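This report concerns only the one structure given below.
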Amino acid sequence: MSRLATRFAERRDSGSSTLVTYLVAGDPAPSVTVAAMKALASAGVDVIELGIPFSDPEAEGPDIQAGCERALAHRVRLRDVLDMVATFRQSDTRTAVVLMGYLNSVEAMGSERFAEAASEAGVDGVILVNLPPEEAGPLRSALQQRGIDLVFLLAPTTTDARAKRVLEQASGFVYYVSLKGTTGAGNLDVDSVRERVASLRSMTPLPIAVGFGIRDGASARRVAQFADGVVVGSVLVRGMGELAATPEAIPAAVEALARELREAMDAA
Amino acid sequence: MSYEKSMVTSQAPASESGMVSFADYNFPDEHGHFGRFGGRFVAETLTHALEELDRVYRSLLKDPGFQREFDRDLAEYVGRPSPLYFAERMTRELGGARIYLKREDLNHTGAHKVNNTIGQALLAKHMGKRRIIAETGAGQHGVASATVAARLGMECVVYMGAEDVERQSLNVYRMKLLGARVVPVTSGSRTLKDAMNEAMRDWVTNVDDTHYIIGTVAGPHPYPALVRDFQSVIGRETRTQCMAIEGRLPDVLVACVGGGSNALGLFHPFIRDENVRMVGVEAGGDGLATGRHAAPLCAGVPGVLHGNRTYLMEDDDGQIIATHSISAGLDYPGVGPEHAFLKDLGRAEYTAVTDEDALRAFHHLTRTEGIMPALETSHAIAWVMEHAPGMDREQIIVVNLSGRGDKDILTVARHDGIEL
């Protein structure tokens with residue numbers, strides 16, 4: 001079983017939910033990232049989504065946009081992001097790592113070269129916000145050959161017919177976008193998310209993680225009651241940005257936040 | 001409109017560029033591909049809205065009532081057909097090919113942009129949307145969007161890069177007078193591409209009641225085809241007018257290319273006429289060699305941005321790089337995917353003109369013909385000034401005079417060292 005599948009299965013078996021956290025690689029400085037990843041893992045984070053900084057992150061809200069800009073100010077490249085994963089893997093072979101970003105970063109490197117480098121670094125999954133399954137063929141097979149999952153998103157506006165088609169291509173887990181909006185938006189409606197997740201369950205055996213708009217222990221707990229995974233990003237990235245002047249304080253701060261989320265979810 | 005045809009009769013040519021002749025030209029395919037370009041690369045939340053837009057558009061194309069409504073608006077509200085004007089003095093002074101100007105500057109709101117906003121506003125109305133959003137660079141598309149929104153009583157929000165808000169203050173005020181809210185975008189490079197990002201973010205949030213009027217032949221499918229079809233009235237009229245005046249088709253079509261909607265509007269009805277040469281002029285800024293320009297077709301590489309695959313200005317890590325042009329409307333790192341396709345096919349040729357040459361052309365046309373072109377349009381005029389003298393006197397050039405230059409007077413004055 002893949003590392004991703006194992007992380008989801010374990011939590012499901014223990015009656016809890018998988019905690020997925022997002023940070024932008026190199027934000028607010030490249031030296032922070034691996035330490036922050038380790039701190040998150042030690043607080044009970046199961047899956048780390050590592051954002052590939054991109055100049056035009058059109059699906060992101062203001063927090064993650066700012067995170068991308070802070071990372072790009074250090075000229076963080078996709079190659080550097082992969083090196084960070086490799087460094088993290090030297091001390092952690094348990095936590096799953098999923099790269100998340102935009103297609104152009106991967107295309108600039110080339111699908112084959114990227115898949116090879118991601119595999120060597122120890123990447124478990126890839127999410128590309130603006131790559132729909134219809135256009136994903138070559139990258140998907142390049143990743144699949146190396147045991148890396150290409151994770152697709154479903155949204156409140158996705159019709160059931162389309163969801164079925166997307167799910168045929170899906171692997172790893174399903175990322176359900178909980179609201180119409182950008183990352184970090186404030187209009188999460190937990191009841192409608194619960195309903196949709198229940199309906200998606202009848203279409204796929206894959207674990208379903210819910211993200212966008214989950215910002216604290218309380219909202220994480222409510223979502224954990226029905227979702228296999230809870231994704232938290234913007235609030236973490238904002239916190240890291242606020243500590244940009246004292247980067248040495250970041251690992252402890254993200255660890256505290258992750259622990260709060262973990263405890264809230266385990267109490268669900 | 002050709003989109004309907006290309007959607008319905010999707011037998012002919014494969015989406016690869018393996019056409020036998022341009023008589024078969026019929027793109028995009030049903031997935032919005034122009035060969036390897038185009039497509040629909042968007043966040044999942046928007047997919048449904050794009051499918052819906054595609055469906056409604058296709059059904060309205062078959063609806064004679066919609067076509068009549070569009071044609072009537074173009075005639076009575078926009079003032080079409082726009083004249084095809086023989087620039088006699090400019091022709092004489094340059095001493096070569098006969099130069100005609102397709103006068104899109106005479107349209108209501110002063111540019112070709114309104115052809116598309118009229119069409120998309122009708123679409124929005126048919127889809128029951130009550131809110132319009134748009135991105136704008138020079139402000140012409142923002143003004144054209146605010147105009148149609150005012151006319152239909154719709155709410156309108158225009159996203160504009162903070163840098164463009166400063167250099168196009170007259171258009172910002174025009175939009176406000178029309179009742180639109182202009183939102184300055186301060187992220188990224190603070191220009192058109194960032195305005196487009198912000199408009200996408202708005203749309204993803206308000207997709208239920210909002211229609212996004214993209215202003216150029218770029219973006220996710222079906223926008224490149226839909227905007228092209230609405231703008232193709234330019235080329236169709238040109239064809240008829242040139243036949244009436246000269247008894248034959250033009251030898252060369254010239255237009256400036258930012259996203260490329262005025263150029264494609266002129267070119268598209270002539271693609272199958274292989275003897276008609278088509279020249280797109282990009283913004284050369286300080287010169288291609290300096291890297292400070294906005295000419296992805298001349299100096300870019302294929303990549304994916306704003307929903308489609310096309311030529312982009314990016315670094316070797318895939319980051320979109322800052323562009324530069326004196327004209328805000330051309331200051332964009334991408335270009336419509338059909339232009340990328342026509343470039344690869346060799347059917348259209350693309351070149352670049354510097355800020356300096358565009359300014360010289362602005363003054364030249366103003367002084368010789370009493371017509372003040374937009375700085376965007378001035379790039380196309382500059383190409384004509386360079387190439388018309390070397391052409392035969394019997395040859396015919398048609399330039400798309402895509403917009404008027406009133407909005408640029410402050411920029412030109414500043415450049416000439418004049419305080420107004």
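Where a number appears in this text, it was derived from the coordinates with a stated rule and is not lab data. Note that the coordinates shown come from a computational prediction; the quantities given were computed from them, not determined experimentally. Please note: Cβ atoms are built from the backbone with ideal geometry, for glycine as well, and neighbour counts cover all protein chains shown.
Structure above, values below:
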read-out: By average C-beta atoms within 10 angstrom, highest first, the peptides B:206-214, A:163-171; value: B:206-214, A:163-171
read-out: Assigned charges on the beta-carbon of Lys, Arg, Asp, Glu; chain B dipole about Cα centre (debye); value: 1080
read-out: Shape of segment B:277-358, Cα gyration tensor, a/c cut at 1.5; value: oblate
read-out: Relative contact order of chain B, pairs being alpha-carbon contacts under 8 Å that are 6 or more residues apart, as %; value: 19
read-out: Cα centroid separation - segment B:120-143 against segment B:297-326, whole Å; value: 25
read-out: Span from the segment B:179-206 Cα centroid across to the segment B:344-403 one, whole angstrom; value: 31
read-out: Sequence-distant residues sharing a close amide H with B:V182 (under 5 Å, placed H); value: B:V158
read-out: Relative contact order (%) - chain A, alpha-carbon pairs under 8 angstrom, separation at least six; value: 25
read-out: Two-decimal log10 I(q)/I(0) for chain B, as the Debye equation yields it once each C-alpha is a single scatterer, q = 0.08, 0.13 Å⁻¹; value: -0.37, -1.09
read-out: Potential extension, A:A218-A:D266 segment - 0.36 nm per residue separation minus Cα distance; value: 16.1 nm
read-out: Distance in nm between pseudo-label sites at B:S59 and A:Q144 (7 Å out along the Cβ direction from Cα); value: 3.5
read-out: Inter-label distance, nm, simple model (7 Å from Cα along the C-beta direction), B:R92/A:A161; value: 6.4
read-out: Calculated FRET value between A:R94 and B:E155, using beta carbons and R₀ = 41 Å, to 0.05; value: 0.20
read-out: Chain lengthening between A:Q169 and A:R201 when straightened (0.36 nm per residue, less Cα-Cα); value: 10.0 nm
read-out: Table column - 3J(HN,Hα) (Hz), segment A:3-10, Karplus curve with 6.51, -1.76, 1.60, x for Gly and Pro; value: 4, 4, 4, 5, 4, 6, 4, 4
read-out: Listed residues B:V165, B:H221, B:G179: farthest to the positive end of the dipole of segment B:150-285 (Cβ charges); value: B:G179
read-out: Exercise: per-residue mean of other protein chain Cβ atoms within 10 Å, B:313-325; value: 5
read-out: Positive dipole terminus of segment A:3-266, leading residue within A:F114, A:A9, A:C68 (C-beta point charges); value: A:A9
read-out: Across B:K113/B:K407; B:K129/B:K176; B:K62/B:K343; A:K180/B:K113, pairs whose alpha-carbon gap is larger than 23 Å; value: B:K62/B:K343; A:K180/B:K113
read-out: All-pairs Cα distance distribution in segment B:298-420, expressed in whole percent, bin size 5 Å; value: 2, 10, 17, 19, 18, 15, 11, 6, 2, 0
read-out: B:R272 paired with A:E116, simple spin-label distance in nm, labels 7 Å along Cα-to-beta-carbon; value: 4.6
read-out: Exercise: per-residue mean of other protein chain Cβ atoms within 10 Å, B:42-53; value: 6
read-out: Theoretical FRET efficiency, 1/(1+(r/R0)^6), r = Cβ-Cβ of A:T87 and B:L288, R0 45 Å, to 0.05; value: 0.65
read-out: Using alpha carbons only: equivalent-ellipsoid semi-axes of the protein assembly as shown, gyration tensor based, whole Å; value: 47, 25, 23
read-out: Cβ-Cβ FRET estimate between B:E30 and B:Y173, R0 fixed at 56 Å, reported to 0.05; value: 0.85
read-out: Long-range HN-HN contacts of B:A352 with modeled amide H, under 5 Å; value: B:E282
read-out: Residue-wise HN-Hα coupling along segment B:402-407, computed from phi with Karplus coefficients 6.51, -1.76, 1.60 (Hz; x: Gly, Pro); value: 5, x, 8, x, 3, 5
read-out: For segment B:221-308: rounded, prolate or oblate by the Cα gyration tensor [a/c cutoff 1.5]; value: oblate
read-out: Partners for B:K193 among aspartates and glutamates (Cα-Cα distance below 12 Å; same-chain residues under 8 apart left out); value: A:D56, A:E58, B:E135, B:E163, B:D164, B:D331
read-out: 5 angstrom amide H check on B:R131, placed H, neighbours 5+ away; value: B:H211
read-out: Distance-filtered residues of segment A:84-107 - backbone nitrogen under 18 Å, label point 7 angstrom along A:S14 Cα→Cβ; value: A:92-97
read-out: Gap separating the Cα centres of segment B:66-84 and segment A:86-146, nearest whole Å; value: 50
read-out: Under the Karplus curve 6.51 cos²θ - 1.76 cosθ + 1.60, θ = phi - 60°, whole-Hz ³J(HN,Hα) for segment B:221-238, x wherever Gly or Pro sits; value: 3, x, 4, x, 6, 5, 5, 4, 4, 5, 7, 5, 4, 4, x, 5, 5, 4
read-out: Percentage, to the nearest whole number, of Cα pairs in segment A:3-266 over 24 Å apart; value: 42
